[in-house]
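Structure first, then comments.
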Amino acid sequence: MRFAFLLLLLPSALVAQKRAITFEDYIALKAVSDPQLSPDGKWVAYTVATPSLEDNRNVARIWVAELATGKARPVTNGPGSDRQPRWSPDGKTLAFISTREGGAQVWVMPIAGGDARKVSSLSDGASDPLWLPDGSGLLVVSDIKWPAQQEIDERNGSFPTEARIWTGLLWRHWDDFRAGKRQHLFRVDIATGKATDLTPVDHDIPTIATGGDGDVTISPDGKDMLVAMHGDSTIADNTNVDIYAVDGPTFHRITTNPGADHTPRYSPDNRWASYLSMERPGFEADRVRLMLGDRRGPSQAPFDATAGWNLSVGSYTWCPNSKCIYAVVEERGRDNIYRIDVPGYKRTRIITGGVNTAVQVGRDNRTLVYAHQSNTQPAEVWVNGKALTHHNDSALAALDLPPLEEFGFVGAQGDSVFGWMQKPPNFDPARKYPLVYLIHGGPQGAWTDSWGPRWNNQMFAARGFVVAEVNFHGSTGYGQKFTDAISQHWGDYPFEDLMKGLDVVARLPYVDSTRMGAAGASYGGYMILWVAGHTNRFKVLVDHDGVFNPVSMAGSTEELWFTDWEFGGPLYANRDLYEKWSPLNHVSNWKTPLLVVHGQLDYRVDLSEGYQAFTAAKRMGLDAKFLYFPDEGHWVLRPRNRRIWWGTVLDWLEGHLRESAHP
């Protein structure tokens with residue numbers, strides 16, 4: 001009897017033993033991604049990556065799981081990393097990208113057993129493999145030196161230097177110097193390894209900017225190929241990416257829309273050509289439409305299969321019978337999966353909750369394999385609403401990970417605005433907790449019910465903070481009008497939403513409104529600097545890669561269409577708006593301690609923006625600190641740098657909100 005009584009108590013005791021997540025827990029979690037369904041629908045190949053502090057990189061392996069049983073096993077090992085698994089058309093061979101012999105190259109492996117074999121030997125590596133329908137080869141993307149002979153070569157002569165010379169815009173992109181090279185599409189022969197450049201022209205193919213979820217496709221009969229390419233002579237100041245048909249050395253432009261067209265696909269029956277499209281030129285966050293063209297109809301003119309919808313299609317996959325399409329759609333802080341009938345174009349929500357991506361469709365046209373994640377669950381492979389893989393289950397079982405809670409209020413312009421709130425582990429409603437208020441970037445982005453690989457709610461909450469975040473005007477997933485509202489209004493509508501959302505959270509009985517901090521990255525970092533000049537409600541601030549002065553950003557960023565759109569034209573044509581929304585012009589009001597984080601390789605928001613913000617803070621006499629990463633861009637990705645980032649940011653917040661003695 002006594003033993004039975006103890007058994008009854010056991011579950012609650014186990015719950016009580018759960019603890020807050022630590023960085024060591026966080027960095028040890030597996031990153032599951034890129035599920036690929038086999039042609040017979042029986043197996044799923046996918047990638048599992050584990051961050052390694054020792055190697056200071058993510059070590060990735062290919063796994064295969066059986067749909068019927070869930071049994072999973074790794075199929076690659078050894079040095080380097082393996083990713084991007086792709087099944088051959090007959091399902092007997094798995095192609096993948098591996099760095100096991102240095103640079104990233106294409107390898108193939110018989111799935112029934114046998115050694116992997118290196119296929120490609122491209123000088124700058126390979127990525128994004130796509131099988132030809134007859135299985136004789138693959139298409140891959142690779143950088144090449146372009147042109148082959150350059151001015152700097154002649155000037156260097158026998159004494160090579162690291163100097164660069166360029167004459168065009170977009171000479172760098174995100175964290176990559178693009179001057180002197182192009183991205184081209186190659187055909188790699190499986191039998192011989194011979195690589196042939198299919199796009200020997202002075203363009204990046206596929207496009208490197210305003211592209212989509214796979215910008216190369218081949219028709220089922222292997223006769224036709226479509227790519228997304230920016231064909232203009234100048235590409236930095238516009239988004240005019242179009243779909244082109246590749247016919248040997250000739251390119252035929254298929255679309256003429258001045259906005260961005262990308263993600264081309266053929267239907268399995270070869271009747272339909274499809275792609276995603278944004279209508280307005282120069283706007284990278286316009287509503288993304290699903291466009292279809294009937295290749296057998298009297299008119300092959302494309303039409304909007306999502307007409308009348310106010311949401312965007314993020315990615316899509318054809319059903320095997322060509323009578324439906326499954327689309328990933330961001331909707332109110334979640335990425336849902338919709339089925340779209342073809343024809344008829346009826347939309348039905350099939351999968352909802354959390355973030356669901358990388359959809360694969362089974363032979364029955366109803367079995368869906370995809371990556372699913374939520375705020376309490378890193379991504380795993382799921383099938384029709386149930387987890388197929390369980391790479392992180394045992395690690396998560398020991399952790400207290402409270403779920404997100406949604407809240408709403410009336411914000412700017414009388415619109416409904418929504419946000420998320422995260423309570424700390426071992427929450428006690430009778431206590432008063434400090435608040436960390438997170439502000440997202442984009443600015444056309446959103447906080448979603450997802451497991452953040454960088455800005456992770458659970459990691460902030462683990463330090464004993466209530467975490468809150470608002471999807472202010474400009475956020476995606478709440479209709480295009482709501483998204484549009486932030487352009488030319490960087491400092492008013494979003495700021496009003498954030499302050500009204502803060503009012504809601506600060507009134508909660510368990511939030512200590514005298515101990516509130518805020519942190520944000522990119523546009524979120526901009527808003528942190530704007531907040532510094534417009535309110536003293538926060539005790540501490542964190543700016544990661546934020547815009548300090550839109551005037552200087554306009555001359556140092558690489559995608560010029562972005563600042564042109566957001567501030568109503570180039571700087572020289574509309575300087576007043578750049579100045580109106582510049583945090584620089586309100587530095588005299590700064591009083592709040594500020595941590596500035598920036599990476600040397602951030603070419604979107606140049607490092608000089610961080611330098612300026614830090615200099616202003618110190619000259620105002622503030623308690624300020626600068627965290628500098630010489631080897632990171634807009635995001636902090638290397639495991640050791642992530643460790644430094646989390647430790648520095650959390651200690652900075654805790655030191656000012658909990659009065660702890662941290663350096």
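Global dimensions of segment 559-608 from alpha-carbon coordinates: Rg and Dmax equal 13.5, 35 Å.
Here the dipole of segment 265-347 is about 260 debye; that uses its Cα centre as origin and unit charges on the Cβ of Lys and Arg (positive) and Asp and Glu (negative).
When the chain is described by a simple charge dipole with +1 on each Lys and Arg Cβ and -1 on each Asp and Glu Cβ, the residue from VAL108, GLY441, LEU185 located farthest towards its positive end is VAL108.
Placing one equal scatterer on every Cα of segment 309-443 and applying the Debye formula, the log10 ratio I(q)/I(0) at q = 0.09, 0.10, 0.12 Å⁻¹ is -0.38, -0.46, -0.64. Dipole of the chain computed with +1 at Lys/Arg Cβ and -1 at Asp/Glu Cβ about the Cα centre; of ASN375, PHE482, SER277, farthest Cα towards the positive end is ASN375. Annotation for ASP269 and TYR628: the two label points, set 7 Å from Cα along the Cα-Cβ direction, are 6.2 nm apart. Once Rg and the Kirkwood radius are both taken over the C-alpha atoms of segment 67-205, their ratio Rg/Rh works out to 1.07. Ranked by the mean number of other Cβ atoms within 10 Å of their residues, highest first, the peptides 450-461, 246-257 fall in the order 450-461, 246-257. Report note on the peptides 511-524, 306-319: ranked by the mean count of other C-beta atoms within 10 Å, highest first, their order is 511-524, 306-319. This model, with +1 at the C-beta of Lys and Arg and -1 at the C-beta of Asp and Glu, gives the chain a dipole about its Cα centre of some 1860 debye. Taking 23 Å as the limit for the C-alpha separation, the pairs LYS539/LYS580; LYS30/LYS386; LYS423/LYS481 exceed it in the case of LYS539/LYS580; LYS423/LYS481.
Between the beta carbons of ALA387 and PHE409, assuming R0 = 45 Å, the FRET efficiency works out to 0.85 to the nearest 0.05. Using just its DSSP H runs of length 4 or more, each adding -39500 (n - 2.57), the chain gives a mean residue ellipticity at 222 nm of -5000 deg cm²/dmol after division by all residues. Note on ARG19 and LYS223: the extension gain reaches 67.7 nm, defined as 0.36 nm multiplied by sequence separation minus the Cα-Cα distance. Ranking PHE548, PRO39, PHE629 by how far each Cα lies toward the positive end of the dipole of the chain (charges on Cβ) leaves PRO39 at the top.
For segment 384-390, the Karplus equation 6.51 cos²θ - 1.76 cosθ + 1.60, evaluated at θ = phi - 60°, returns couplings of 6, x, 10, 5, 9, 10, 9 Hz by residue, with Gly and Pro reported as x.
For THR93, the residues whose amide H sits under 5 Å from its own are SER88, ILE111, ignoring neighbours fewer than 5 places away on the same chain, with H placed 1.01 Å from N. Compute the distance from the alpha-carbon center of segment 354-431 to that of segment 243-304, in whole Å. When both Cα centres are located, 33 Å separates them.
At each listed q (0.13, 0.15, 0.19, 0.28 Å⁻¹), what is the log10 of I(q)/I(0) that the Debye formula gives for segment 482-532 modelled as equal alpha-carbon point scatterers? With one equal scatterer per Cα and no solvent, log10 I(q)/I(0) is -0.36, -0.47, -0.71, -1.15. The peptide list 503-509, 328-334, put in order of mean Cβ contacts within 10 Å with the highest first, becomes 328-334, 503-509.
Label zone of ASP197 (point 7 Å out along Cα→Cβ, amide N under 20 Å): in segment 85-109 this covers 104-106. Taking the Cα centre of segment 455-554 as origin and assigning +1 to Lys and Arg Cβ atoms and -1 to Asp and Glu Cβ atoms, the resulting dipole is close to 300 debye. FRET efficiency for the ASP176 to ARG155 pair, using the beta carbon distance and R₀ = 25 Å, is estimated at 0.60. For segment 137-180, trypsin sites (Lys or Arg not before Pro) meeting the loop criterion (DSSP other than H, G, I, E, B) and having at most 16 other Cβ atoms within 10 Å: ARG164. Would you indicate which of (i) 96, 72, 61; (ii) 82, 67, 58; (iii) 136, 50, 44 is the value of Cα extents along the principal axes in Å derived from the coordinates of this structure? The listed entry that was calculated here is (ii). For THR50, the solvent-accessible surface computed with a 1.4 Å probe is close to 40 Å², ligands and nucleic acids excluded.
The values are calculated or read from the model by the stated rules, or taken from the named source; none is laboratory data. Computed from a predicted structure; not experimentally measured. With ideal geometry, Cβ positions are generated from the backbone for all residues, glycine too; neighbour counts draw on all protein chains shown. Protein only, heavy atoms only, side chains kept; ligands, DNA and RNA dropped before computing areas. Shrake-Rupley method; radii C 1.70, N 1.55, O 1.52, S 1.80 Å.
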